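Visitor: The structure that follows is given in the form of structure tokens.
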């Protein structure tokens with residue numbers, strides 16, 4: 001099995017052919033992508049993935065917001081501030097992304 005590939009490029013325009021990778025993973029990245037381009041990034045992931053796209057990200061829940069607010073009281077964490085700016089993903093909205101993969 002070849003090693004994993006770490007690409008330094010814009011997620012909006014991954015410089016690889018369609019279906020280049022068996023699996024595309026996004027770990028704690030989507031929350032830092034402005035909502036205005038999030039769907040474009042997801043389409044790009046779907047385009048370069050042969051079999052699956054796995055997205056791991058905190059969800060827009062009351063519990064998550066409460067914990068992040070507690071942390072921000074003690075630490076000016078730029079990543080958590082970005083969560084507020086770019087809005088976390090709603091799990092129900094992400095489930096609809098599954099339908100996108102059938103179109104690409």
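Visitor: For residue 78, state whether it is more than 18 Å from residue 12 (Cα to Cα) and either modelled with pLDDT under 90 or within 15 Å of the chain's Cα centre (by Cα) (or both). I'd like the intermediate steps shown before the answer.
Guide: Details: more than 18 Å from residue 12 (Cα to Cα): yes; either modelled with pLDDT under 90 or within 15 Å of the chain's Cα centre (by Cα) (or both): yes.
Answer is yes for this residue.
Per-residue answers, yes or no, for (1) in contact with a strand residue (DSSP E or B) (Cβ under 8 Å, 6 or more places away or on another chain); (2) under 24 Å from residue 7 (Cβ atoms); (3) in a helix (DSSP H, G or I):
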| position | (1), (2), (3) |
| --- | --- |
| 45 | yes, yes, yes |
| 69 | no, no, yes |
| 72 | no, no, yes |
| 76 | no, no, no |
| 80 | no, no, yes |
| 85 | no, no, yes |
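Visitor: How do the pairs read when you match residues in segment 37-52 that are touching a residue at least 40 places away in the same chain (Cβ under 8 Å) and on the phi < 0 side of the Ramachandran plot with residues anywhere that are part of a helix (DSSP H, G or I) and surrounded by fewer than 15 Cβ atoms within 10 Å (Cβ to Cβ), using Cβ under 8 Å and keeping only pairs 6 or more apart or on different chains?
Guide: Short answer, once both residue conditions are applied: 42/100; 43/100; 46/100.
Visitor: Okay, next question. With respect to the numbered conditions (1) out of contact with any helix residue (DSSP H, G or I) (no Cβ under 8 Å at 6 or more places or on another chain); (2) exposed (fewer than 13 other Cβ atoms within 10 Å of the Cβ); (3) in contact (Cβ under 8 Å) with a residue 12 or more places away in the chain, which one is the sole condition not fulfilled by residue 6?
Guide: (3)
Visitor: Could you list all residues from segment 23-43 that are part of a loop (DSSP other than H, G, I, E, B), out of contact with any strand residue (DSSP E or B) (no Cβ under 7 Å at 6 or more places or on another chain) and exposed (fewer than 13 other Cβ atoms within 10 Å of the Cβ)?
Guide: Residues of segment 23-43 that are part of a loop (DSSP other than H, G, I, E, B), as a first pass: 28-29, 33-34.
Within this subset, residues satisfying the condition of being out of contact with any strand residue (DSSP E or B) (no Cβ under 7 Å at 6 or more places or on another chain) are 29, 33-34.
34 - this is the single residue of segment 23-43 that is part of a loop (DSSP other than H, G, I, E, B), out of contact with any strand residue (DSSP E or B) (no Cβ under 7 Å at 6 or more places or on another chain) and exposed (fewer than 13 other Cβ atoms within 10 Å of the Cβ).
The values are calculated or read from the model by the stated rules, or taken from the named source; none is laboratory data. Being a predicted model, the structure only gives us computed values, none of them experimental. Neighbour counts are summed over all protein chains in view; Cβ atoms, including those assigned to glycine, are modelled from backbone coordinates with ideal geometry.
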